[in-house]
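Only one structure is covered here, and it is reproduced in the block below.
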Amino acid sequence: MVVTVGTVVATHNLALGVLAGALLSAIFFARRVAHLVDVSSVLDPDGDIRVYAVTGELFFASTNELMHSFDYTDTVSKVVIDLSDAHIWDSSAVATLDAVTAKFASRGIDADLIGLNSHSEQLHTKLSGQLTGSH
């Protein structure tokens, strides 16, 4: 509100004030929800498969945190990324998931995505491989 009023007073333009306030509000919102992604993992009893459970909203503001939430140096032969409690919102999330699976693949680790809801599955199917050159 202070930014909106300050911009209106400085520019004498209500539209610019509203725009400035809305942009700042969007930035604060994106920063707040960017840290709402949680990744936890469990190793199967044989020690050969690691299952990662991803929870939260996957979009442009959360992709950096998501990318750094996996242990790419693990000695397992397979990784399962369970997205049952996550939702993909945009192409940057799809590109990040492609990059995660590609990073595992470059280390000889097979990575599978499971549990996508219907909207996330459609978006992932439509965009996967087109954004990072993988798949």
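The values are calculated or read from the model by the stated rules, or taken from the named source; none is laboratory data. This structure is a prediction, so every number in the text was calculated from the model and none was measured. Positions of Cβ are backbone-derived with ideal geometry, glycine not excepted, and every protein chain shown enters the neighbour counts. Quick note on the areas: whole protein, heavy atoms, side chains included, nothing else; ligands and nucleic acids left out. Shrake-Rupley method; radii C 1.70, N 1.55, O 1.52, S 1.80 Å.
So that you can scan it fast, the table gives a plain yes or no per residue for (1) modelled with pLDDT of 95 or more; (2) among the aromatic types (Phe, Trp, Tyr); (3) out of contact with any helix residue (DSSP H, G or I) (no Cβ under 9 Å at 6 or more places or on another chain); (4) open to solvent by 50 Å² or more (accessible area, probe 1.4 Å):
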| position | (1), (2), (3), (4) |
| --- | --- |
| 73 | no, no, yes, yes |
| 83 | yes, no, no, no |
| 89 | no, yes, no, yes |
| 103 | yes, no, no, yes |
| 130 | no, no, no, yes |
Of those in the range 91-124 that are part of a loop (DSSP other than H, G, I, E, B) and more than 16 Å from residue 55 (Cα to Cα), the residue farthest from the chain's Cα centre (by Cα) is 108
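Right, residue 56: more than 26 Å from the chain's Cα centre (by Cα), surrounded by 17 or more Cβ atoms within 10 Å (Cβ to Cβ) and not acidic (Asp, Glu) or not?
No; evaluated as a whole, the condition is false for this residue.
Specify the residue that is surrounded by the fewest Cβ atoms within 10 Å (Cβ to Cβ); the eligible residues are those in the range 59-71 that are aromatic (Phe, Trp, Tyr) and within 8 Å of the chain's Cα centre (by Cα). Steps first, please.
Kept after step one, since they are aromatic (Phe, Trp, Tyr), are these residues of the range 59-71: 59-60, 70.
Now narrow it down to the ones that are within 8 Å of the chain's Cα centre (by Cα): 59-60.
Working: 59: 20, 60: 15.
Restricting to residues being aromatic (Phe, Trp, Tyr) and within 8 Å of the chain's Cα centre (by Cα), the top hit is 60.
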Pairs under 6 Å by beta carbon, first residue at negative phi and of a type in the set (Lys, Arg) in the range 51-70, partner surrounded by fewer than 21 Cβ atoms within 10 Å (Cβ to Cβ) and not in a strand (DSSP E or B), six or more apart or different chains? none
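Is it the case that residue 11 is buried (at least 17 other Cβ atoms within 10 Å of the Cβ), modelled with pLDDT of 90 or more, farther than 30 Å from residue 84 by Cα and not aromatic (Phe, Trp, Tyr)?
no
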Single match in 26, 30 (criterion: over 19 Å from residue 99 (Cα atoms), open to solvent by less than 70 Å² (accessible area, probe 1.4 Å) and under 13 Å from the mean Cα position of the chain (by Cα)): 30
